[in-house]
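The values are calculated or read from the model by the stated rules, or taken from the named source; none is laboratory data. This is a predicted model, so every value here is computed, not measured. With ideal geometry, Cβ positions are generated from the backbone for all residues, glycine too; neighbour counts draw on all protein chains shown. With ligands, DNA and RNA removed, areas are computed over all heavy atoms of the protein, side chains included. Shrake-Rupley method; radii C 1.70, N 1.55, O 1.52, S 1.80 Å.
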Amino acid sequence: MPALDHPASAMLDLDSARRLACGLVAPLSGIEMLDLTHVAGRTSATSLRAEIALPRAARSAMDGFALRTADLAKGLTLPIAGTVAAGMQAPALPEGAALRIFTGAQIPEGADAVVPVEEVTETGTEVQLTTPPAPGTHIRAVGSEQPEGGLLLRRGTRIRAHHIGLLASNGVTAVEVVRRPRLAILSTGDELHRPGAEGGSGDTMPDVNRPMLIALARGAGAEVDDHGILPDDAEATLAKFLSLQGQYDLIVTSGAVSMGGRDHLRPALIAAGGQIDGWKVALKPGKPVMFGRLGNAAVTGLPGNPFSALVGFTLFVSAQIARLKGAVPAPLFHCAGRAGFDWTRKPGRAEIFPIRLGNREIDGLPVVHRLGEGASATLFPLAEADGLGFVSAETTRVGVGSPICWQTFEAGAR
């Protein structure tokens, strides 16, 4: 293996590390056309605009009576000349009369107002008003809900249920979406065995990171191949990198990325013809993160400790997946809260920690409670966590009521 003598050895601040991670990937060009029923969670490849204005015809916004306001000049009582229901072609409104009308029904020709049923009195075949309505009352005018040419779906948007409803209302049956990013995920370490499998000889432990990272990547919209557990062996690590070339958009590893005698990941990447663009982030937990390339694929090496790996995925890999899909990575820790704890800490590295939201507020902001004691090897504090909190590298003390930035676990692409 070649010796590592790389200029990208200085610690990166969090913002620089995220920019570097995103800069190593580019939006994918592959496009699929999918039926509307299968696009939830996918990323739109094109922008769609409304071909029509909605509603196409003026419609009633209430159950009530459609009338001509000019007919009320001689009195507030009108005969009921018929009924207009949603889905039927409305008849013309006779002069000097009202038509019973239901919500969503087409406004009859000649009518210029709807009076809600709660505001009138029916007396047999007549309807009596208390006050005359203004023209246009309770009428959804043509184009009032959606203008022709209005934006329905912006390119790079993660398609959600409300987008699907809007598209369906416009008669859209299929959407062009970006192909899913192809990811390879693997763990490293002789000490690991697959969860549920019999442990090997000696002190082994379940491989926590790989199933967790696979779930996170699939939840972020990636197509994932599981490449299992690599032994702590330099030649095996090199062989794995060589076998992955040309197959993936992003390779994500966990473990073997630090400076120990059995940490072969970085030299193996170089030996396979790859490059290292950055290593080590001023972050706690999760300092030993590696950013590099192997051919056309980005390579992100996450730490082996489980919470560190979760943090690294949240901060960097999720942003890379979003960019591959052509989406905008969501801003980090954009939720505001107030600390429900006291904490004195050593400055120098930004710190991420599990948080639970309290059931009260301070100055209109939720109270945020810190969970755990900063250990990077355990996920136990996440059992009742609502998300992750953040303090900057310069922070030395957090007191009750101090501003705290946080985000939910679901935060991803916009």
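Can you say whether Ala97 is modelled with pLDDT of 95 or more and either within 30 Å of Thr173 (Cβ to Cβ) or acidic (Asp, Glu) (or both), as far as the supplied structure shows? In short, no. Would you mind telling me which numbered condition in (1) at pLDDT 95 or above; (2) of a type in the set (Ser, Thr, Tyr); (3) out of contact with any Pro (no Cβ under 8 Å at 6 or more places or on another chain) Thr69 fails? All conditions are met except number (3).
For segment 391-403, what are the residues that are within 25 Å of Phe313 (Cα to Cα) and either among the polar types (S, T, N, Q) or open to solvent by less than 50 Å² (accessible area, probe 1.4 Å) (or both)? Hits for segment 391-403 are Val391, Ser392, Ala393, Thr395. Listed by position, the strands (runs of 3 or more DSSP E) inside segment 139-222 whose residues that are of a type in the set (Val, Ile, Thr) number at least 1 are 174-178, 182-188. Taken residue by residue, segment 28-41 has at least one member that is under 29 Å from Gly165 (Cα atoms), part of a loop (DSSP other than H, G, I, E, B) and free of Cβ contacts under 8 Å to residues at least 40 places away in the same chain.
For segment 90-104, which residues satisfy the criterion of being open to solvent by less than 40 Å² (accessible area, probe 1.4 Å) and farther than 20 Å from Thr130 by Cα? Correct list: Ala90, Leu93, Gly104. The numbered conditions (1) in contact (Cβ under 8 Å) with a residue 40 or more places away in the chain; (2) more than 40 Å from the chain's Cα centre (by Cα) are all true for Ala50 except (2).
Condition check ((1) aliphatic (A, V, I, L, M); (2) more than 26 Å from Ala322 (Cα to Cα); (3) buried (at least 21 other Cβ atoms within 10 Å of the Cβ); (4) under 24 Å from the mean Cα position of the chain (by Cα)) across all residues:
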| residue | (1), (2), (3), (4) |
| --- | --- |
| Glu176 | no, no, no, yes |
| Arg194 | no, yes, no, no |
| Pro206 | no, yes, no, no |
| Leu216 | yes, no, yes, yes |
| Ala220 | yes, no, yes, yes |
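In segment 309-330, of all residues being among the hydrophobic types (A, V, I, L, M, F, W, C) and closer than 14 Å to Ser254 by Cα, the one that is surrounded by the most Cβ atoms within 10 Å (Cβ to Cβ) corresponds to Ala309. Among residues belonging to segment 239-267 that are closer than 29 Å to Ala350 by Cα and of a type in the set (Gly, Ala, Ser), point out the one that is surrounded by the most Cβ atoms within 10 Å (Cβ to Cβ). Filtering segment 239-267 for residues that are closer than 29 Å to Ala350 by Cα and of a type in the set (Gly, Ala, Ser), the one surrounded by the most Cβ atoms within 10 Å (Cβ to Cβ) comes out as Ser254. Only residues that are in a loop (DSSP other than H, G, I, E, B), more than 15 Å from Asp386 (Cα to Cα) and open to solvent by 30 Å² or more (accessible area, probe 1.4 Å) were counted in segment 333-358, giving 5. In segment 89-114, the residues that are at positive phi reach residues that are part of a loop (DSSP other than H, G, I, E, B) and open to solvent by less than 60 Å² (accessible area, probe 1.4 Å) with C-beta atoms within less than 6 angstrom, at least six apart or across chains, in these pairs: Gly110/Arg68; Gly110/Leu93. Among the residues examined, Thr130 does not qualify as touching a Pro at 6+ places or on another chain (Cβ under 9 Å) and surrounded by fewer than 14 Cβ atoms within 10 Å (Cβ to Cβ). Of the residues making up segment 42-57, those that are open to solvent by less than 30 Å² (accessible area, probe 1.4 Å) and in a loop (DSSP other than H, G, I, E, B) are Arg42, Ala45, Ala50, Ala53, Pro55, Ala57.
Can you tell me which residues in segment 149-173 are among the aliphatic types (A, V, I, L, M), farther than 30 Å from Met212 by Cα and open to solvent by 40 Å² or more (accessible area, probe 1.4 Å)? Leu151, Leu166, Ala168 - these are the residues of segment 149-173 that are among the aliphatic types (A, V, I, L, M), farther than 30 Å from Met212 by Cα and open to solvent by 40 Å² or more (accessible area, probe 1.4 Å). Candidates in segment 62-79 are the residues that are surrounded by 17 or more Cβ atoms within 10 Å (Cβ to Cβ) and among the hydrophobic types (A, V, I, L, M, F, W, C); of these, the one that is farthest from Gln89 (Cα to Cα) is Leu72.
Taking segment 1-26 as the range and being at pLDDT below 95 and either surrounded by 13 or more Cβ atoms within 10 Å (Cβ to Cβ) or on the phi > 0 side of the Ramachandran plot (or both) as the test, the residues that pass are Met1, Leu4, His6, Ala8, Met11. Selection over segment 105-121 of residues that are under 13 Å from Ile80 (Cβ atoms), among the β-branched types (Val, Ile, Thr) and either in a loop (DSSP other than H, G, I, E, B) or open to solvent by 40 Å² or more (accessible area, probe 1.4 Å) (or both) gives a count of 2.
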